[in-house]
Amino acid sequence: MPRGLNREPESLHALRRIPFVRDLRYAPGPGGRDGGYDGKLDIQAPAGRFHLLVVAKRSFLTRSAVNQLLAWIKQVETGKPHGVILLARHVPRPVADRLIEAQVNFADDVGNVHLALGDRYNWTVVGKPVLESASDRRPVSAAQLQLLFQFVTHPESVNWPVRRLESAAGISKSKAAQARPQLVAEGLLARKGKEYQLGPKNLLTERLSSGYAQVLRPKLLVGRFRFAEKTAEAFLTRLRTSVPAGLRYALTGGPAVDLLQHFYRGPEVPMYVEPSSRTTAQDLRLLPDSEGPVTLLRAFGEVVFWEKRDHHMLAPPWLIYAELLNSNDPRAHEAAAEFQPQLSL
């Protein structure tokens, strides 16, 4: 989430037009980290003054971004959804409905707004579309995301030659050469003299989590499967001791965060595999099942194979985090919020 907005967000105009808002004052959050919010909003209504923590989102609100927000709200000091307001470029109707159901305030640049202050004040306007320019719609590419996951996992690699990045991130040398200037233009990398450095962690977190769900994961998906064992634990025990020759895997999501933090495991077993084909599933004695607990994903580069724990290879923390946010299980989103402090740069 972008921290410390230095100018007043456009989305506050919608709040000022609400009849019961007599006065509104916005204070940007302090620079750096890590309160988890971008600023504070002070609203004067006829019956008193209300204070809200501001979370700002300038990119498209994906499911994973909303999951991240709702998981964070559960951890804020007040623990009250009404104590937080989301300021966004645009809140689509499905996202608006979900936020209203979760009792989360929001306002966007085009006038969609939901503001509930205590039991006396409530104002909601939703369904306004946004007209975006071609540049607003430009998505981050899969190659850029693969490179970003490499950079956040190994920050020193931002200055590696492209030939080294080719095998590490699983992209061609030409795409690696093109991607770095593009990432600078997006603010995800910064140029300092002849060297690069990573951009703000909050911006990287938002772009990686949303880009993983929207762009990268669909490209990596091999399929969903079920195992012959009665439990996921039994399957993982077999995997620990008998992996077919020539096959590599890295656990991600729930099973990986369980080995790192012992906080959450969940029913799903997502894993990166190499080689990534249906034959690999057969070698692992898995059967195709569109609702099965095992999700096989293509290992796109060496970066995927991060570290061994309890005889299992794990994906790097940033990929684990993105996979947790992509899950349909609300407990996985809570686990992602617990795990987020482990995302170092």
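Of the options PHE300, HIS333, LEU314, report the single residue whose Cα projects farthest towards the positive end of the charge dipole of segment 273-345 (beta-carbon charges: Lys, Arg +1; Asp, Glu -1). Checking the options against the dipole of segment 273-345, the answer is PHE300. Taking the DSSP beta bridges with both ends in the chain, the antiparallel portion is around 70 percent. Among 149-155, 159-165, the peptide with the highest mean count of other Cβ atoms within 10 Å heads the list, and the full ranking is 149-155, 159-165.
For the chain, the longest principal axis of the C-alpha atoms and the axis of helix 201-211 are separated by about 70°. The distance between label points at GLU338 and VAL184 comes to 4.2 nm (points 7 Å beyond Cα on the Cα→Cβ vector). Near LYS40, which lysines are there with a Cα under 19 Å away, not counting those fewer than 8 places off in the same chain? Within the straight-line limit of under 19 Å, LYS40 reaches these lysines: LYS57, LYS74, LYS80. Using θ = phi - 60° in the Karplus curve 6.51 cos²θ - 1.76 cosθ + 1.60, the 3J(HN,Hα) couplings for segment 156-163 round to 5, 6, 4, 10, 5, x, 4, 5 Hz; x is entered for Gly and Pro. Pull out a ≥ b ≥ c, the square roots of the eigenvalues of the alpha-carbon gyration tensor of segment 12-125, then state rounded if a/c is under 1.5, prolate if not and a/b is larger than b/c, and oblate in the remaining case. Taking the square roots of the gyration eigenvalues as a ≥ b ≥ c, segment 12-125 is rounded.
Site pair THR124 and GLU291 shows an inter-label distance of 3.0 nm when each label is modelled 7 Å from Cα along Cα→Cβ.
Dividing the convex hull volume of the alpha-carbon atoms in segment 221-342 by its residue count gives 96 Å³ per residue. Extension gain, ASN328 to GLU229, is 33.3 nm, computed as 0.36 nm per intervening residue step minus the present C-alpha separation. Label-to-label distance, HIS51 versus GLU156, with points set 7 angstrom from Cα along the beta-carbon direction: 4.5 nm.
Students often get this wrong, so try it: which of (1) 21.5; (2) 20.0; (3) 20.5 is Kirkwood radius over Cα pairs in Å as calculated from the structure shown? This structure yields the entry labelled (1).
Taking the fewest neighbouring Cβ atoms within 10 Å as the starting point, the ordered list for ILE73, ILE320 is ILE73, ILE320. The residues MET271, MET313, when put in order of fewest to most other Cβ atoms within 10 Å, stand as MET313, MET271.
Working from Cα pairs under 8 Å separated by at least six residues, relative contact order for segment 83-125 is 33 percent.
Extension gain, ARG16-THR237: 0.36 nm per intervening residue step, less the Cα-Cα distance, totals 73.7 nm.
Every number in this text was worked out from the coordinates using simple rules, so none of it is lab data. Note that the structure is predicted; figures quoted are calculated from it, not measured. Because the Cβ atoms are built from the backbone with ideal geometry, glycine has one as well, and the counts that use them run over all protein chains shown.
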